[in-house]
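Structure, as C-alpha cells:
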Amino acid sequence: MSAKRRIAVLTSGGDAPGMNAAIRAVVRMAVARDCEAVAIRHGYEGLLDGDFFEMELGSVGGVLDRGGTFIGTSRSQRMFAEEGLDLGVQQLADQGITGLVVIGGDGTYRAAEELDRRGVKVIGIPGTIDNDIDATDTTIGFDTAQNTICDATSKVRDTASSHERTFIIEVMGRTCGMLALYSGLAAGADVILVPEVPWKIEDICQSVSQGIARGKKHSIIVVAEGAAHAFGLAEDLTQSCGHQVRAVVLGHIQRGGSPSAFDRTLASRMGATAVDALLAGESGKAVCLQNADMALETFATCYSHHHEMKQHIYDLAMVLAR
Ligand code: F6P
C-alpha cells in the first residue's frame, strides 16, 4: 500500500443538491495536498461491502452542477449494529484509508461518531435539504430546495389566482419545519404549518377567510410533511371553509436539480475544509458554516441539540402574509 495519506469520501442518507460539489472539493483538495483520494459507493452500505474506487482529478470533472450524488447513497441499517461498525473499521483499514469524509445528515453523523470512537479519523459535512443541524447556519442542499419550492409555488399561484382557489403545497420535513418555514416566507405563503407549532383547522380557515374578505384572489398554504398531509388537509379545509381547496405534494422533486450557486460555493468550501481538518489531525467533528466562516463542531454537538424552531422567522412570515 502507498505511503501517501489516503482520504475516502462517501455520501449517506437522502441526497441533496451540492453533494457532488462537495465530493469534487474533497477529491481535488486531497490531490492538491498530495494525498490519494478514494470514493465509497452507496454510502455506508458500500463501506460494508468494500465498494471503494480510486479517484483522480478527472474523476470529478463535470459533476459540480449536477444534482444528486454520483457516487450513490443509502440509508444503511447495518451501520447501526456493532458488527456493522466493526466491519466498517476493518474495510477502511484494509484499504489503507487514513481519513474519511462523510457527507449527510444527523444519522450519518451518529454512525461517524461511532467510527471515531473506534479509532477512525473522520470528519462530517452537512448535506441535507432539511437544514436540521443546529450547529451550522445552513446545510448543503437547503438553498436549492428552497428555490425549487419557490419556483413551484409561483406556478401554483398562477392557477390559484386564475381560479380564485386556495392551494396547499406540501414540502419535505418530517420533524423539522425549516424548509416549509423559509420557503413559505420566500414564496409569500399565507399560512405555514410546521411540525414544531401546533395548529387548528379553525385558525387556518380564519386566515383564508380574512384574506378573501380583503379581496385576495387566492391563498397559498405551505405545509411540512410532518405537520399535516396535504390531501387530507385539503378535504378537511374544503369542509370547514366551504370552498374548494386543492393540494400539491412536491415530494422528491425538492431533492433534485442542479445546485444553486450558494450551495456549490458552500459545498466547495466545506469539502476543502474537511480535508484540511483531517490533515491537521482533527476527527469526530463536522464542518459548519457559522457567521460566514467555516468552523468545526463535535458530532454530538451537531445532532444532540434538538432542532430549534425559528419563531422570529415564523412571526415575520405571518406578519408579511397579511
Ligand atoms: O432527509 C431528507 C429527506 O428528504 C426528508 O426531508 C424526507 O422526509 C426524507 O428525506 C424522505 O426520505 P426517502 O427519500 O428515503 O423517502
task = Could you run through segment 227-248 and say how many residues are at pLDDT below 95 and assigned to a loop (DSSP other than H, G, I, E, B)?
result = 3
query = Quick one: is G184 in the same structural domain as V102 (by TED's automatic domain parsing) and buried (at least 24 other Cβ atoms within 10 Å of the Cβ)?
reply = no
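Answer yes if at least one residue in segment 14-37 is assigned by TED's automatic domain parsing to the domain that holds N131, polar (S, T, N, Q), surrounded by fewer than 24 Cβ atoms within 10 Å (Cβ to Cβ) and more than 16 Å from the ligand (Cβ to nearest atom), and no otherwise.
The first filter runs over segment 14-37 and keeps only residues assigned by TED's automatic domain parsing to the domain that holds N131, leaving 14-37.
So of that shortlist, the ones also polar (S, T, N, Q) come out as 20.
Those still in the list that are surrounded by fewer than 24 Cβ atoms within 10 Å (Cβ to Cβ) too: none.
No; the residues of segment 14-37 include none that is assigned by TED's automatic domain parsing to the domain that holds N131, polar (S, T, N, Q), surrounded by fewer than 24 Cβ atoms within 10 Å (Cβ to Cβ) and more than 16 Å from the ligand (Cβ to nearest atom).
Looking only at segment 249-266, count every residue that is within 16 Å of the ligand (Cβ to nearest atom) and in a helix (DSSP H, G or I) and tell me the total.
Pass one, segment 249-266, residues within 16 Å of the ligand (Cβ to nearest atom): 249-257, 259, 263.
Retained after the next criterion (residues that are in a helix (DSSP H, G or I)): 251-255, 263.
Number satisfying all stated conditions: 6.
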Set L233, L296: member being touching a Cys at 6+ places or on another chain (Cβ under 9 Å) and over 19 Å from P17 (Cβ atoms) = L296
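Listed here are the residues, each with its yes/no results for (1) closer than 15 Å to S268 by Cα; (2) in contact with a Pro (Cβ under 8 Å, 6 or more places away or on another chain); (3) in contact (Cβ under 8 Å) with a residue 40 or more places away in the chain.
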{"residue": "R6", "(1), (2), (3)": "no, no, yes"}
{"residue": "P17", "(1), (2), (3)": "yes, yes, yes"}
{"residue": "I40", "(1), (2), (3)": "no, no, no"}
{"residue": "F53", "(1), (2), (3)": "no, no, no"}
{"residue": "G58", "(1), (2), (3)": "no, no, no"}
{"residue": "V63", "(1), (2), (3)": "yes, no, yes"}
{"residue": "G72", "(1), (2), (3)": "no, no, yes"}
{"residue": "I97", "(1), (2), (3)": "no, no, yes"}
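Counting only residues that are away from the ligand (no atom under 12 Å from the Cβ) and at pLDDT 95 or above, how many does segment 164-187 have?
So the first thing to find is which residues in segment 164-187 are away from the ligand (no atom under 12 Å from the Cβ), and the list is 164-169, 181-187.
Now narrow it down to the ones that are at pLDDT 95 or above: 166-169, 181-187.
Summing the residues that are away from the ligand (no atom under 12 Å from the Cβ) and at pLDDT 95 or above in segment 164-187 gives 11.
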note = S219 meets each of (1) assigned by TED's automatic domain parsing to the domain that holds A111; (2) crowded, with 22+ Cβ neighbours inside 10 Å; (3) away from the ligand (no atom under 16 Å from the Cβ) with one exception, condition (1)
message = Looking at segment 173-197 only, could you name the residues that are over 15 Å from T139 (Cα atoms), assigned to a loop (DSSP other than H, G, I, E, B) and touching a helix residue (DSSP H, G or I) at 6+ places or on another chain (Cβ under 9 Å)?
response = G188, A189, D190, V194, P195, E196, V197
ask   = Out of T108, T98, which single residue is of a type in the set (V, I, T) and within 16 Å of the ligand (Cβ to nearest atom)?
value = T108
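For segment 79-110, enumerate the residues that are more than 28 Å from D134 (Cβ to Cβ) and of a type outside the set (A, V, I, L, M). Can you show your working first?
Kept after step one, since they are more than 28 Å from D134 (Cβ to Cβ), are these residues of segment 79-110: 82-83, 86-87, 89-98.
Within segment 79-110, E82, E83, D86, Q90, Q91, D94, Q95, G96, T98 qualify.
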query = For segment 44-62, what are the residues that are surrounded by fewer than 18 Cβ atoms within 10 Å (Cβ to Cβ), under 25 Å from A261 (Cβ atoms) and in contact with a helix residue (DSSP H, G or I) (Cβ under 6 Å, 6 or more places away or on another chain)?
reply = L57
task = Under 7 Å between Cβ atoms, at least 6 apart or on separate chains: pull out the pairs that start in segment 241-268 with a residue that is over 26 Å from I221 (Cα atoms) and end on any residue that is within 16 Å of the ligand (Cβ to nearest atom) and among the charged types (D, E, K, R).
result = F262/D143; D263/D143
task = Evaluate segment 198-207: report whether one residue or more is more than 12 Å from the ligand (Cβ to nearest atom) and buried (at least 22 other Cβ atoms within 10 Å of the Cβ).
result = yes
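The values are calculated or read from the model by the stated rules, or taken from the named source; none is laboratory data. A quick note: this is a predicted structure, and the numbers were derived from the prediction, not measured. Quick reminder, even Gly has a Cβ in these numbers, built from the backbone with ideal geometry, and neighbours come from all protein chains shown.
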